[in-house]
Amino acid sequence: MFQIRNVKECIIIERINKFAAKIILDGKIQTAYINNTGRLLNYLSRGQKGFCIMHERDLKTDYRLFAVKEESLAAIIDTHLQMKALERIIMLNLLPWMRGCRILKRNAKLNVSYIDYLLECEEEKTYLEVKSAVLRSNKYAMYPDCPSPRGRRHIMELTDYAKRGGCGIILFIAALPNVEAFKPNSSADPKIAKLLLEAEKAGVEIRALEMYYNPEDNYFYLSKPDLPVEF
């Protein structure tokens, strides 16, 4: 889909708060920014190999940790880059179930919430909410990895909108390689799976895709544009 430039490998030491991790890069202990507020327990443990880029703007840390190695490939933990990749996917019409759609607006207001995108699909307005699923459980990518009141609210908003005749999609980005399906993580938030079932019954589309980062050529790849969803 697109290439990440000026990537530097690092070794993760530990996560020090919600937005930062201690890493070893160029032989020095440094602090890297993380924009994913999930727990990321699969990835932010001591000794794992990560991939960093320089910040595009002036922040307290010089580097941004965007991916973590999984065998020969890597999981994309950076939600901003996940969304950037998704926008390119939509622009290139790479999703068979979303062909002909275009982005009208980012952060579109729906009642009291802001939904990630407002699309136009065959002249019909459609709200698209995107969730990052970078928790692995065997063959599954899962969401969330901790309780998510915000995620529940977005699902309920789209359910209500669909009941009033509107169109909505909830898309889970499984940003890790070699999964076979997506399913909600009931152990972290038991209400999410129930709300997703209610949303689907109301007419909201529940979709998932798989993408990953390849450290060999520094490209993001869309590997499964229509990843199965299981409840």
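Values in this text are rule-based calculations from the coordinates and carry no lab data. Please read all numbers here as calculations on a predicted model, not as lab measurements. Note that each Cβ is placed from the backbone with ideal geometry, even for glycine, and that neighbours are counted across all protein chains shown.
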Quiz item: Roughly what % antiparallel, to the nearest 5, for the DSSP beta bridges in the chain?
Solution: 70
Quiz item: Sorted by average packing, counted as other Cβ atoms within 10 angstrom per residue and highest first, what order do 26-37, 133-144 take?
Solution: 133-144, 26-37
Self-check item: Subset of Lys125/Lys183; Lys8/Lys69; Lys18/Lys105; Lys49/Lys84; Lys22/Lys69; Lys125/Lys163 violating a 18 Å alpha-carbon distance limit
Solution: Lys125/Lys183; Lys18/Lys105; Lys49/Lys84
Exercise. May I ask for the angle, rounded to the nearest 10°, between helix 149-163 and the longest principal axis of the chain, with both axes built from Cα atoms and the value confined to 0 to 90°?
Key: 30
Quiz item: Do the sum for the chain: with -39,500 (n - 2.57) for every DSSP H run of n ≥ 4, divided by all residues, what is the mean residue ellipticity at 222 nm, to the nearest 500 deg cm²/dmol?
Solution: -5500 deg cm²/dmol
Quiz item: Tell me, what HN-Hα J-couplings in whole Hz come from the Karplus equation 6.51 cos²θ - 1.76 cosθ + 1.60 at θ = phi - 60° for each residue of segment 70-75, using x for Gly and Pro?
Solution: 10, 6, 8, 10, 8, 7
Quiz item: How would you order 82-90, 154-162 from highest to lowest mean count of nearby Cβ atoms within 10 Å?
Solution: 154-162, 82-90
Self-check item: Amide H contacts of Ile77 (H built 1.01 Å from N, under 5 Å, at least 5 apart or other chain)
Solution: Ala67, Val68
Quiz item: Under a point-charge model restricted to the Cβ atoms of Lys and Arg (+1) and Asp and Glu (-1), what is the dipole moment magnitude of segment 123-231 relative to its Cα centre, in debye to the nearest 20?
Solution: 480
Quiz item: Where the centroid of each part is defined by its Cα atoms, how far is segment 8-23 from segment 110-180 in Å?
Solution: 28
Quiz item: Dipole of the chain, Cα-centred, from +1 at each Lys and Arg C-beta and -1 at each Asp and Glu C-beta, to the nearest 20 debye?
Solution: 680
Quiz item: For segment 22-30, in order, what is each residue's ³J(HN,Hα) by Karplus, 6.51 cos²θ - 1.76 cosθ + 1.60 with θ = phi - 60°, in whole Hz (x at glycine and Pro)?
Solution: 8, 9, 10, 9, 6, x, 10, 7, 9
Quiz item: What angle, in degrees between 0 and 90 and rounded to the nearest 10, separates the Cα long axis of helix 190-202 from the longest principal axis of the Cα atoms of the chain?
Solution: 40
